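Below is one structure; the comments refer to it alone.
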């Protein structure tokens, strides 16, 4: 090999090495890592999820590890870089995971109440006199709690259906704005630390199921002053590059868990009730159409408020594409 060829080979190998370092590769680890949405505290989520994950580990014949994070961005990034294999996301964070983290929707939760979907809400301390009109007065006198920036019910829905249509920016409306998970916001409002905060009916129903003195006292100290239109149930997202055989075994487990009339199925359904779902249902990318519509509607309203012609055109194009996809589904 002459010197010129050798030098060219070294440069080529170096370039390939750098390129490989710049993108996440599929993991070779044995355990499956399941990410849990961070709407509640890690301690309570771990307690509720552990029996389900243990059953999954037995079915897959390999360890199943839970991955928790303090915000949705961390969950999206964990899948993006191959640190997690599948997980339960909100609709908004699930949409970002599909867009940025090589994930796809394969299942969805099913509300145990039998009502399909849930509602974003705004809660205030009971008897405080804080009304929706007072919140919308935008006079910078109230301390307000928003959800995670990628939370569907904690941020996207109230922005889309309540604040944006009125041209209101929460950052300019309230004395302070704090971002936290639903559990923290609920306890903060109940304890009088916040004058109002976003939440959702699923989170409040989950607390009610605990049936403890703390849960009853907390829920008894808050009241709802605003509800959003109904939001679809949460999606389960799985990595597209997961080993096909492992994916098949995971989906077989997910869709058979809690199904049937045997004592074992009844035991499994009781476990699912603790994580607030009936047996999971199959789903695909069309599950995210409503949240895409919410997102584009909010963007359109904000663009119109700014009189941004280019942003208005982008949002209108996105809504047109969503309408086209909906029409195709009904054919």
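The values are calculated or read from the model by the stated rules, or taken from the named source; none is laboratory data. Computed from a prediction, not measured in an experiment: that's the story for all the values here. Here Cβ is always computed from backbone atoms with ideal geometry, including for glycine, and neighbour counts include all displayed protein chains.
Applying the selection to region 283-298, what residues are touching a residue at least 60 places away in the same chain (Cβ under 8 Å) and within 17 Å of the chain's Cα centre (by Cα)?
Passing the criteria: 283, 284, 285, 287, 288, 290, 291, 292, 294, 295.
Yes or no: residue 135 assigned to a strand (DSSP E or B), within 23 Å of residue 295 (Cα to Cα) and either over 16 Å from the mean Cα position of the chain (by Cα) or without any contact (Cβ under 8 Å) to a residue 24 or more places away in the chain (or both)?
When the stated conditions are applied, residue 135 does not pass them.
In the set 203, 188, which member is outside the structural domain of residue 307 (by TED's automatic domain parsing) and out of contact with any helix residue (DSSP H, G or I) (no Cβ under 7 Å at 6 or more places or on another chain)?
188 is the lone residue from the list that is outside the structural domain of residue 307 (by TED's automatic domain parsing) and out of contact with any helix residue (DSSP H, G or I) (no Cβ under 7 Å at 6 or more places or on another chain).
Tally time: how many residues in region 139-155 are in a helix (DSSP H, G or I) and modelled with pLDDT of 95 or more?
Summing the residues that are in a helix (DSSP H, G or I) and modelled with pLDDT of 95 or more in region 139-155 gives 0.
So which helices (runs of 4 or more DSSP H) are wholly in region 156-221 and hold at least 2 residues that are surrounded by 15 or more Cβ atoms within 10 Å (Cβ to Cβ), within 17 Å of the chain's Cα centre (by Cα) and touching a residue at least 12 places away in the same chain (Cβ under 8 Å)?
Passing ranges, in order: 182-190, 201-210.
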